[in-house]
Amino acid sequence: MNTKPFTSGLGENAVLITRVADRQWHALDDDLVVGRAHAQHRPDGRLFVSIDAWHEVAFDRLAEAMLAELPAPLYTLVDEADVELTAGWRRAGFTIRRREWEYVVPTDPRVTGLDAVLPPPGVTIVPAGQVDVSLLRAVDHAIRDEVEATVGWQSMPAEVVPRPEGDTIVDPSKYAVAAASDRYLGLIRVVRVKRPRIGLVAVRAGEQRRGIARALLAHALGTLHHSGATAAWAEVQESNQVASALFEGIGARPMSSNLELVR
């Protein structure tokens, strides 16, 4: 542990920065912790940083100390409504990489218009908890490879969670799938912790524009509606016009936005 302080300021306004653990820093003002910062690698290999500070001086000193020790590129996520936090990262040299909208999605099929939606001929929806795990992993890997070969998986707003090396399916019970006779064509993941969240909707490239994504949404939202949930949430990257049109077409409304910044 490096306890050598990084200091800045004079007299009563002095702020002392100390690295208290690997990739963790504290800002002290008269021995009072006025800010914390840490950095961690996401499973996709990118290094994300965060700072929670009482005031601007502490934030800037923490950012200065982190940037002096960490390799570029660095990433961070902020709520766009948090103007002060966004300004702090901009002062540190970060720029906007992408914007992600959070949508609130109604579940009532009379509102979404999905009550009469069925999968295309030859396709069935397999509910969560009933999927074949080996086929689920196969379609997940195929879709991720297709995305990586085009826009890159880092552009997707899928949640990032710890997982064994090479395994992108953490909990198969969260997935429903669209199935053909011999393989799965698409998938939807719904996580219910504090509130229902659509973490991912994806269809294999060769099977798109057949209504499979709408059928998956109809199934997932209908299931939530029957369980008593009136709304779900989903994140869509601003540049993904197809996904935005899909959600807005069923009555979803953008409620807030997050920024991914990079330096």
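Quick check on my filter: what residues within the range 15-48 are in contact (Cβ under 8 Å) with a residue 40 or more places away in the chain, under 19 Å from Leu74 (Cβ atoms), assigned to a strand (DSSP E or B) and not charged (D, E, K, R)? The answer is Ile17, Trp25. Among Asp115, Asp82, which is farther than 27 Å from Leu261 by Cβ and acidic (Asp, Glu)? Being farther than 27 Å from Leu261 by Cβ and acidic (Asp, Glu) holds for just one of Asp115, Asp82, which is Asp115. On the given criteria, is Ile51 aliphatic (A, V, I, L, M), modelled with pLDDT of 95 or more and assigned to a strand (DSSP E or B)? For Ile51, the condition - aliphatic (A, V, I, L, M), modelled with pLDDT of 95 or more and assigned to a strand (DSSP E or B) - is met. Of all the residues in the range 186-203, those that are open to solvent by 60 Å² or more (accessible area, probe 1.4 Å) and among the basic types (Lys, Arg) number 3. On the stretch given as the range 234-263, residues that are acidic (Asp, Glu) and in a strand (DSSP E or B) total 2. Within the range 204-244, the set of residues being open to solvent by 60 Å² or more (accessible area, probe 1.4 Å), under 20 Å from the mean Cα position of the chain (by Cα) and not polar (S, T, N, Q) comprises Glu238, Val242. Once the range 245-257 is narrowed to residues that are touching a strand residue (DSSP E or B) at 6+ places or on another chain (Cβ under 6 Å) and surrounded by fewer than 19 Cβ atoms within 10 Å (Cβ to Cβ), the residue that is farthest from Glu80 (Cα to Cα) is Gly251.
Kindly evaluate Ala65 against the criterion of being small (Gly, Ala, Ser) and out of contact with any Phe, Trp or Tyr (no Cβ under 6 Å at 6 or more places or on another chain). The answer is no for Ala65.
Which of the residues belonging to the range 212-233 are outside any helix (DSSP H, G or I), at negative phi and free of Cβ contacts under 8 Å to residues at least 24 places away in the same chain? Residue satisfying the conditions is Ser227 alone.
The residue of the range 15-45 that is modelled with the lowest pLDDT, among those that are at positive phi and surrounded by fewer than 15 Cβ atoms within 10 Å (Cβ to Cβ), is Gly45.
The values are calculated or read from the model by the stated rules, or taken from the named source; none is laboratory data. The shown structure was predicted, so the numbers you read here are calculated from the model rather than taken from an experiment. Cβ atoms come from the backbone with ideal geometry, glycine included; neighbour counts cover every protein chain shown. Calculation scope for accessible area: heavy atoms of the full protein, side chains included, ligands and nucleic acids excluded. Shrake-Rupley method; radii C 1.70, N 1.55, O 1.52, S 1.80 Å.
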